[in-house]
1. How many residues, within region 94-111, are in contact with a helix residue (DSSP H, G or I) (Cβ under 7 Å, 6 or more places away or on another chain) and modelled with pLDDT under 95?
2. (1) under 12 Å from Lys57 (Cα atoms); (2) of a type in the set (Val, Ile, Thr); (3) modelled with pLDDT under 95: which one isn't true of Thr41, the others all being true?
3. Looking at this structure, is Ser96 more than 22 Å from Ser17 (Cα to Cα), loosely packed, with under 13 Cβ neighbours inside 10 Å and among the hydroxyl-bearing types (Ser, Thr, Tyr)?
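The values are calculated or read from the model by the stated rules, or taken from the named source; none is laboratory data. Just so it is clear, the model here is predicted, and its values are computed rather than measured. With ideal geometry, Cβ positions are generated from the backbone for all residues, glycine too; neighbour counts draw on all protein chains shown.
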Amino acid sequence: MARLTVDGMSDKVCFSSVTMACPNPAQLAAFYAGLTGGEVTFVHGSEWATVRCDGVKLEFMGVMDYRPPSWPEDPSLVHIDFWVDDLVDAAARAESSGGRRFEHQPNAAHCLVFADPVGHPFCLSLIDDVG
């Protein structure tokens, strides 16, 4: 049960998912399910798809006239980070699934930056005890 604050409003806020715009939700959901070993749990035509992986939900929303973000030029860009235990193997998996490694890599010894098949940036980072 949510606690009520002094102003009478609930203070319960829970993380639900990350949602990304894309031209084809089912195809992008399949990419992320393949990358993470997750499962596509919902597809609704060209409008929506959902992937569950490691207790997290990734949502994909179909958008007409989709334009990919620009990395690293766009300073307000949001991206997804994935922890991996082997950077070389994870990079090969990302590339074989349709991901594209960006030329600009600010910390390639610890983290590699990729674009998914429609241009959203994501990072593969070595698991460490930071955070």
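1. Count: 1.
2. Just one mismatch for Thr41, condition (3).
3. On the way: more than 22 Å from Ser17 (Cα to Cα): yes; loosely packed, with under 13 Cβ neighbours inside 10 Å: yes; among the hydroxyl-bearing types (Ser, Thr, Tyr): yes.
Against the criterion (more than 22 Å from Ser17 (Cα to Cα), loosely packed, with under 13 Cβ neighbours inside 10 Å and among the hydroxyl-bearing types (Ser, Thr, Tyr)), Ser96 qualifies.
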